[in-house]
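Below is one structure, written out as structure tokens; comments come after it.
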Amino acid sequence: MPEAAVHLGSGKVRELYALGDDRLLLVASDRISTFDVILPTEVPDKGRVLTGLSAFWFARTRELVPNHLLALRDDGRSLECRRLEMLPIECVVRGYLAGSAWRDYERTGAVCGHRLPAGLREAERLRQPIVTPATKAESGHDENIDAAAAAARVGRARYEQAEAAALRLYAFAAAHAEARGIILADTKFEFGVDGEGTLTLGDEALTPDSSRFWEADAYAPGGPQASYDKQFVRDYCESLGWDKTHPGPDLPPAVVTGTRARYVDAFELLTGCAFDAYLADPQVVLR
Ligand SMILES: Nc1ncnc2c1ncn2[C@@H]1O[C@H](COP(=O)(O)OP(=O)(O)OP(=O)(O)O)[C@@H](O)[C@H]1O
Ligand SMILES: [Mg+2]
């Protein structure tokens, strides 16, 4: 008999359950949010893409940084994890100047305390990746902070450890993605601490929801880049003149199909596994 899973809460995309005292079940739904609003229409298998990709990366980066993965369930959308004491910060690693980092740079010449050379263009590659911490907002948008503010929240030694771990993970994943025609522009990690005090990677990792993936062939710095997966939905929503507040618009079938295809493409390019093979046996991404 399956053991009882106690529902702890719902995120925008995932459902969180406790399995006993020391494990969690993270179940990724097919919900899609754009401009931080959950849309009324789901994208079939999106949760499986996110879960499969996270599991793929967890299996391949364990030697770089310990992570919370215990098991991937055969529904392809549920991860059994070690329950951690999560740090109250997020660690964003940026190899390219996009999103809020670009806006901060344009305004101040710096990003979260990293002073950058003058004259960089939007979406330009940085000479070296930087870590830009953010608070984990209980509600609303996360707020960028600098290293000193992050260290004040978690302790200096712990922050330095998280920063180094985030950079190791980014370097590994960016090289892997680049060899497959995808630029990993930036990505967000959430770390926690296990019972022994070991810094451990938690949450999801290196998915389209936590990262900006760009198609390398279409890369053209000097303006915003189309993101690999969600751009399709964003373009559609913007074409309606929607004001980006709740409720979002329904997605027509062609937009759902197109979006699903983009998520599946990203999965297949990054993992080298056919998505149908993943659906038949999710464990393929762990091998
Ligand atoms: N191993 C873990 N131990 C404890 N908490 C974890 C672990 N892994 C992830 N979490 C937490 O579980 C939650 C995952 O939920 P989810 O990402 O769906 O929602 P959210 O982050 O609250 O909201 P959002 O929709 O903005 O992502 C996060 O709060 C995350 O920090
Ligand atoms: Mg989250």
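Scanning region 1-11 for residues that are within 15 Å of ligand 2 (Cβ to nearest atom) and either at pLDDT 95 or above or over 15 Å from the mean Cα position of the chain (by Cα) (or both) yields Leu8, Gly9, Ser10. Scanning region 240-261 for residues that are of a type in the set (A, V, I, L, M, F, W, C) and open to solvent by 60 Å² or more (accessible area, probe 1.4 Å) yields Leu240, Ala254. Restricting region 12-36 to residues that are in contact with a Cys (Cβ under 8 Å, 6 or more places away or on another chain) and either in a strand (DSSP E or B) or open to solvent by less than 20 Å² (accessible area, probe 1.4 Å) (or both) leaves a set whose member that is nearest to ligand 2 (Cβ to nearest atom) is Leu26. Entry remark, region 126-154: residues being surrounded by 15 or more Cβ atoms within 10 Å (Cβ to Cβ) and not in a loop (DSSP other than H, G, I, E, B) number 15 in total.
Restricting attention to region 239-253, does a residue exist that is farther than 20 Å from Gly99 by Cα, part of a loop (DSSP other than H, G, I, E, B), in contact with a Cys (Cβ under 7 Å, 6 or more places away or on another chain) and away from ligand 2 (no atom under 16 Å from the Cβ)? Yes. Residues in region 95-119 that are in contact with a strand residue (DSSP E or B) (Cβ under 8 Å, 6 or more places away or on another chain), part of a loop (DSSP other than H, G, I, E, B) and either open to solvent by 30 Å² or more (accessible area, probe 1.4 Å) or over 15 Å from Pro221 (Cα atoms) (or both): 4 in all. Between Asp203, Asp229, the distinction of being open to solvent by less than 50 Å² (accessible area, probe 1.4 Å), acidic (Asp, Glu), within 18 Å of Arg180 (Cα to Cα) and under 13 Å from the mean Cα position of the chain (by Cα) belongs to Asp229 only. Quick check on region 160-171. Is at least one of its residues under 19 Å from Gly52 (Cα atoms), away from ligand 1 (no atom under 14 Å from the Cβ) and open to solvent by 10 Å² or more (accessible area, probe 1.4 Å)? Looking for residues that are under 19 Å from Gly52 (Cα atoms), away from ligand 1 (no atom under 14 Å from the Cβ) and open to solvent by 10 Å² or more (accessible area, probe 1.4 Å), one finds at least one in region 160-171, hence yes. Of the numbered criteria (1) in contact (Cβ under 8 Å) with a residue 40 or more places away in the chain; (2) surrounded by fewer than 22 Cβ atoms within 10 Å (Cβ to Cβ); (3) within 19 Å of Ala55 (Cα to Cα); (4) of a type in the set (A, V, I, L, M, F, W, C), the one Cys237 fails is (3).
The values are calculated or read from the model by the stated rules, or taken from the named source; none is laboratory data. All figures in this text were calculated on a predicted structure; none of them were measured in a lab. Quick reminder, even Gly has a Cβ in these numbers, built from the backbone with ideal geometry, and neighbours come from all protein chains shown. In case anyone asks, the SASA skips ligands and DNA or RNA and just uses the protein heavy atoms, side chains included. Shrake-Rupley method; radii C 1.70, N 1.55, O 1.52, S 1.80 Å.
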